[in-house]
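Notes follow once the structure below has been shown.
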């Protein structure tokens, strides 16, 4: 009998307690993180990634083929514009110059010979004209003399053209000889010397061994070249401020200014499929700094696109988006907490950044909103009782006494 009474009491408790709670009007309290609507400066930005590069950097390639006979600089050396950096073996090119000089002298002799022949044929023509006038020769002899004079003139012009041709070949040969001395096109620092004495320099743009000699850069000025998605590029313009986060110094952001925005997408993407997103190169000038930056370092850049004035804002995680019901449009809302009760309010949004969202309509400064956690916000309903979530106490240090 006692067992039956205990079982009946347990069943009554299971059924009766929820019913009593339901009709008693008491609602469970929800713990949530709370924040006030505040007036803050908001900085909407665009994120992009890229590399740090020297503003002026020149990669030297050989213009003629030859074995390297001298390397006159090493990595890190300061160089001046026009300074000889390395020399190629000039033997072959000196021989070519000597050959063309001999050809030029020979062409000059041919001109002299043709000039003498022209003068001789002209004197002969003058004699024939006098003889023809005195009726000592017939007209055919005079015509032959005219023909020989004309032919001598043509030969003189041909000799002069040959001289010009050989002179051009000599100029080319001298230029090739001069190119065996590789000179610095700008003043700066040798950041890379990639060829050694005895190796063969090859004039090529395909990146084969010997096609790269050295790199000269102006290391006093560095910029960030970043790729901005085509969906954001319309909001980027020269003069906007930016923050640069080099991968080697993520905790030491640098300030900068947008210097230029490319008008065409990256060359590698011009032939990409139409459905593939494209990006545009944006150059950002870095402010003076003392960091040991190096070309090629990757970086992340935040380009600020907003005005940055003080605006009513809430944390971005406080804003929710309603579900679509029929033809009704979706709207943004927040939960305003007043006297411990959550009230759902529709709001209109303005600009935002990574942390804050501007509220243009629906809230007043000083009101309290529920911020999170996200799971709590999803389950929160209008009229629920809300209390501020207690902050977690720091864990006791090891070895401390209680």
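Values quoted throughout were computed directly from the atomic coordinates according to the rules given, and no laboratory measurement underlies them. Just so it is clear, the structure is predicted and the values come from calculations on it, not from any experiment. Cβ atoms come from the backbone with ideal geometry, glycine included; neighbour counts cover every protein chain shown.
Remark: the residue 74-residue 346 segment gains 91.2 nm on full extension, using 0.36 nm per residue and subtracting the alpha carbon distance. DSSP beta bridges confined to the chain are antiparallel in about 95 percent of cases. Using the Cβ-Cβ distance between residue 390 and residue 317 with R0 = 25 Å, the FRET efficiency computed as 1/(1 + (r/R0)^6) comes to roughly 0.85. The value of relative contact order for region 21-142, using C-alpha pairs under 8 Å at least six residues apart, is 13 percent. Helix 2-24 axis versus longest C-alpha principal axis of the chain: approximately 60°, rounded to the nearest ten.
If packing is taken as the mean number of other Cβ atoms within 10 Å per residue, what is the order of 113-126, 377-390, 219-232, highest first?
Details: 113-126: 15.3, 377-390: 13.7, 219-232: 17.7.
So the peptides 113-126, 377-390, 219-232, ranked by packing, come out 219-232, 113-126, 377-390.
Matching the structure-derived Rg/Rh (Cα atoms, Kirkwood Rh) against the labelled list [x] 1.22; [y] 1.18; [z] 1.39 gives the label [z]. Considering region 91-178 at the alpha-carbon level, its Rg and Dmax are found to be 19.6, 66 Å.
Normalising by the residue count of the chain, find the relative contact order in percent from Cα pairs under 8 Å and 6+ residues apart. Intermediate results must be reported in sequence, preceding the final value.
Numbers: 736 pairs, mean separation 109.7, N = 402.
So the answer I get is 27 percent.
Report the calculated FRET efficiency for residue 229 and residue 174 (r = Cβ-Cβ distance, R0 = 41 Å), to the nearest 0.05.
Numbers: r = 52 Å, r/R0 = 1.26.
Approximately 0.20, to the nearest 0.05.
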